[in-house]
Every structure is written in C-alpha cells, then in structure tokens.
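Here is the structure we will look at.
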Amino acid sequence: MALQALVLDVDGTLADTERDGHRPAFNAAFAHAGLPWHWDVAVYGGLLGVTGGKERIRHFCERHDPGFLARPDADEAIAALHADKTRRYVAFVAEGRIRLRPGVARLVDEARATGLRLAIASTTSPDAVTALLQAGLGPDAPDWFDVIGAGDVVPRKKPAPDIYTWVTERLDLPPEECLAIEDSSVGLHAAVTAGLPTVVTRSPYTVGDDTTGALAVLPDLSGVTLADLHDLHRTVHLGTRTRPGPTH
Ligand code: XBP
Ligand code: MG
C-alpha cells in the first residue's frame, strides 16, 4: 500500500514550542490573573505527561492548589486562563520567537510538490496550530493541510488514539496509508494505536521517552527526504521492518 498522507504532530515535532513558547505563556497568564503559580523548566517537563493545557492546569491544581478547584466557577476560570494563555502564545509565535525544526519546511514543500497529502494531529488549540503554521511556513500554510485535527475536537486527548482516528476518517484514508511524525511517547502511542506507522523525531523534553513501536527514531528531519519516508513506509508492508533510514 502506497503512502498517501503525512500526518504531523505540532508541539515538539514541527517546532520546540514547549519550553520557550507554551510554558512562558502559561506563566504570563497565571501572573496576569494574580495567581502565585509558576512553572519552571523542570516542573513543566513533569507536567507534559498530561496533554492539553486545560487538563494540565487542572492536574497541577489537584496536586498544588486544590482550593482553586473548589471554586464554584473553577471550570470557567480554567477555561479563561487557558484562553488568555493561548492568546499570549499566539502573540509569541507571531513575533517569530519560535522557529520550525530543521527539515520541516523542506519536507512540507516536497510533499506539496509531489501531491502527497498533509494533515495535522495535535493536542494543542487550533489557534496555536494556525499561528505556528503561518509564522513558520507562510500566511496561506493552513490551507495546505487537508485536515487539521487540534484541541477539543475529540474529548480524549493523546495518548488516546482518537485525534489520529478523527484525522484519518476525514482524510478518508486507511491509517496504514498514512505516516505520522511525532516527538513523544504519548504521541507515538496515540498514532500507533490508531494504526498509523510512525516516525519519531525526539525533542528536548522527550529525549528519554520510550519509542517502542516506532518505525524509526531520528534526531530531527534534517537530511530526511520524502523518498526516505516513502522507503520507510514501504517496510511496514513488507513486514520486515528493515529500516533503510538512520535510527538513532
Ligand atoms: C502538546 C500538548 C499541548 C501543549 C500546549 O500537543 O500536549 O497541550 O503542550 O498547548 P501536541 P495547549 O504535541 O499533540 O501538538 O495549551 O493549547 O493545549
Ligand atoms: Mg508533540
């Protein structure tokens, strides 16, 4: 079966967004709301196991500020904090503070030039995805993607497979005719459980993640051509898992 579409994760895969993008945006929103919370680099790394910003705030409160969750308007307060965080993140990205990872823009160009379909499967908010695509690839870039699955379109976020299933259904493709690119064990688990062969490009927060089940594990996409990805994808159907690409 030939490869028909690349399904790309966003945070950690298209760009290293977490440490210097999402994290300071959360902290700025907390400070603006007069909250004494601050997520340093190490604390935030621990919180990344919980995907989704609202879910991450709730998880933090359960452990460190249960009184906040006892407020009658806790759900609305978390949603408002997260909306403010997203606006701040979008502004950071629009200022050019976050760069795409090596090889990403070139592979997207190659895919477009050869008619390989593109899609996004992310836990982050749609506005955050749009901002990163526009800042990194150009103002029209969101239109290059046939499907953008992001945020709350599925109630169960990664590591649940739902966002990948949501995307492949809308692509109208069997999952095995797609190739996912992910950076984390939670993302890998989501993609593989949904049936997509998956390449992992590790990011700073995910260097120690378990990558069992990945088709290949690469430091990044520099030097990786679309032909390499087609070759890797072909090995799935040979059943050999002979990996022609570099596996670090
Ligand atoms: C990563 C996430 C997100 C981001 C923050 O998503 O888990 O929650 O950390 O973004 P992915 P939001 O790797 O699937 O792109 O605050 O918008 O959730
Ligand atoms: Mg990711």
Quiz item: Under the Karplus relation 6.51 cos²θ - 1.76 cosθ + 1.60, θ = phi - 60°, what is the ordered set of whole-Hz ³J(HN,Hα) values for the range 112-123, x standing for Gly and Pro?
Solution: 5, 5, 9, x, 6, 6, 10, 8, 10, 10, 9, 8
Quiz prompt | Charge sum, other residues only, whose C-beta stays under 13 Å from Gly208's C-beta, Lys/Arg counted +1 and Asp/Glu -1 | solution = -2
Self-check item: Antiparallel DSSP beta bridges within the chain, percent to nearest 5
Solution: 5
Practice problem: Taking H placed 1.01 Å from N in the peptide plane, check which residues at least 5 places from Ala15 or on another chain put their amide H under 5 Å from its amide H. | Solution: Arg101
Quiz item: Using θ = phi - 60° and the Karplus curve 6.51 cos²θ - 1.76 cosθ + 1.60, what whole-Hz ³J(HN,Hα) does each residue of the range 93-106 get, with Gly and Pro shown as x?
Solution: 5, 5, 6, x, 6, 10, 9, 5, 6, x, x, 5, 5, 5
Quiz prompt | Listed residues Ala131, Pro159, Ala121: farthest to the positive end of the dipole of the range 76-161 (Cβ charges) | solution = Pro159
Practice problem: Could you tell me how many degrees, from 0 to 90 and to the nearest 10, lie between the Cα long axis of helix 126-137 and the main elongation axis, the longest principal axis, of the Cα atoms of the chain? | Solution: 50
Quiz item: Among 134-144, 99-109, what's the highest-first ranking by average C-beta atoms within 10 angstrom per residue?
Solution: 99-109, 134-144
Quiz item: How large is ³J(HN,Hα) for each residue in the range 176-188, as worked out from phi by the Karplus curve 6.51 cos²θ - 1.76 cosθ + 1.60 (θ = phi - 60°), to whole Hz, x for Gly and Pro?
Solution: 6, 8, 10, 10, 8, 10, 9, 10, 10, 5, 5, x, 4
Practice problem: Take the alpha-carbon centre of the range 28-92, take the same for the range 99-117, and report the distance between them in whole Å. | Solution: 33
Quiz prompt | Size of the chain as Cα extents on the principal axes (Å, biggest first) | solution = 56, 34, 32
Practice problem: Write down, largest first, the equivalent ellipsoid semi-axes of the range 132-220 in whole Å, where each equals the square root of 5 times an eigenvalue of the alpha-carbon gyration tensor. | Solution: 21, 18, 13
Exercise. Once you have a ≥ b ≥ c as the square roots of the Cα gyration tensor eigenvalues for the range 81-184, tell me rounded if a/c is under 1.5, and otherwise prolate or oblate according to whether a/b is larger than b/c.
Key: oblate
Quiz item: Using Cα atoms only, what is the angle between the long axis of helix 162-171 and the major principal axis of the chain, expressed in degrees (0 to 90) to the nearest 10?
Solution: 50
Quiz prompt | D (Stokes-Einstein, µm²/s), Kirkwood Cα radius, the range 98-149, 0.692 mPa s at 37 °C | solution = 289
Self-check item: Cα shape, the range 18-94, gyration tensor, a/c 1.5 rule
Solution: oblate
Quiz item: Under the definition of Cα pairs under 8 Å and six or more residues apart, what whole-number percent is the relative contact order of the chain?
Solution: 23
Quiz item: Can you give the angle from 0 to 90° between the axis of helix 53-64 and the longest principal axis of the chain, with both taken from C-alpha atoms, to the nearest 10?
Solution: 50
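No lab work stands behind these numbers, since they all come straight from the coordinates. For clarity, every value in this text was computed on a predicted model and none was experimentally measured. Quick reminder, even Gly has a Cβ in these numbers, built from the backbone with ideal geometry, and neighbours come from all protein chains shown.
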